[in-house]
Structure formats: structure tokens, C-alpha cells
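Coordinate-derived values only; no laboratory data. Because the structure is a prediction, the values reported are computed rather than measured. Reconstructed Cβ throughout: ideal geometry from the backbone, glycine too, with neighbour counts over all protein chains shown.
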Amino acid sequence: MKILNTSTSLLSIFFYPLALTQTYPAHLDSNFRTVTVIILLVIIYVKIFMPLKANKFFNIIYLIASLFITYSVNVSTLPLYLVILGLSQLFICFFSNYDNKFLFNFAIPGFSMLLLILTLMHFLSPNLLINVILINLSVFLASIVDDWKQNLLTLLCVSGLTIILFLLHYISLNLGIIYVIFFSILIILKTKFKLKLDNYKLDIIRMTLSILLLII
């Protein structure tokens, strides 16, 4: 089961950046392979070893092994700041609790997607940044709100955010409407039908939103 969850999480992170290669010129070079390895190491630790409550000794061994593996995949061509930013996620995980939903449903997936886009495209436009934030913000909000009042307040905040982004010309009107409708459906499923959103379902939500952002 952990292997399935890990695979689904990786797919949800890689899907949007790789799908962008159909629109923008991509650079599938050694830098992309290095960033891919770094993200794999982070997600494998989060999904497989963190639930087992790995101790400090294991974390040190895992960090050393991660540094060795990263170095062995031609890390010399990757800018040092990207290596530091990528591996810093792993370091943060060592000192975090597994139930930190902001870290594991928003920060790490979003940051990993941005690293992939930056490595693949060699640029990061404000629109792509906003899209990544919207995708992972939705997943995070879906994971933390449970009762009807919280969901309604969250929907109002999401609607207000989309209006602001539309007025600033960061998203289109169609995208804003679809985003609010999608979140509304999600809230109805949670409150009326008592849908339980485990990590697997949250990854599916991330991929679904990625598809919507690509086709609109």
C-alpha cells in the first residue's frame, strides 16, 4: 500500500510539470534527472519512512545516502542553490511531524513542482507560479477543513482569491469559475456525503486540478 501511495504522490507532483512540455520547450537534461532524484528521495522518505517514525540515526544514514546518490547523478551541472533547496526539504522532514498537513500537502508538493518546472523550462512565469499555488492550496484546504461552517468560510476565501487573481490578470474568467465550482463540489462531497480524504484521494485531487488548468 505504501508503494502505491508513494507512486500516486510522485505522479501527482510530476504530472503538471511534464504536461507543460507539450506547450513549452523542455530541457530533459542531466539537471532534470538530478532534480528528479532529489524529489524521489524526499517523497520516498515522507511516504515510506516517516510513518514508521524513523529515528535520528536512520535520518543521518538516509541523509548521507541521499547526498551520495545525488552526487553520483552528475550534480555538478546543477546550480548549487537548486541542490540546497531540494535537499533542504528532506532536512525539514527530519524535524517535522507526519501530521503536518501544510508541509506535506502544500509546501513540499508545491515546491517540488516548481523545481521541476524551473529545471524543465529554465524559466518560471507568474502564471505558472500561481497555477502551482492554486493546485496545492486546494489540496491543503481540502485536507484541513471538515465541518460545514469551515468549508463555507474556505469557499468564500477561495472565491475571493480567484476574483483578485482574475482582476490582476493572473487567471482567466473561465479558470476562476471552474476552480470555484470544483472546490464547491469537493465541499459538498465532504460535508453531505462524508467523503474521507486520505493521502491517495488528495493526490487524485492534485492531478485533477492539474488537468483542469491545462485544458482551460
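What to note about this one:
- Counting beta carbons within 10 Å around each of 120, 168 and listing the fewest first gives the order 168, 120.
- When the square roots of the Cα gyration tensor eigenvalues are ordered a ≥ b ≥ c, the ratio a/c for region 1-109 is 1.5 or more and a/b does not exceed b/c, which makes its shape oblate.
- Mean ellipticity per residue at 222 nm, deg cm²/dmol - from DSSP H runs of n ≥ 4 across the chain, formula -39500 (n - 2.57): -24000 deg cm²/dmol
- Here the contact order of the chain, divided by its residue count and restricted to Cα pairs under 8 Å and six or more residues apart, works out to 30 percent.
- Links that overshoot a 24 Å alpha carbon limit, given the list 2/101; 47/149; 101/196: 47/149
- Relative exposure of 103, 115, 212, judged by other C-beta atoms within 10 Å (fewest first): 212, 103, 115
- Global geometry of the chain, whether rounded, prolate or oblate, following the gyration tensor of its Cα atoms and the 1.5 cut on a/c: oblate
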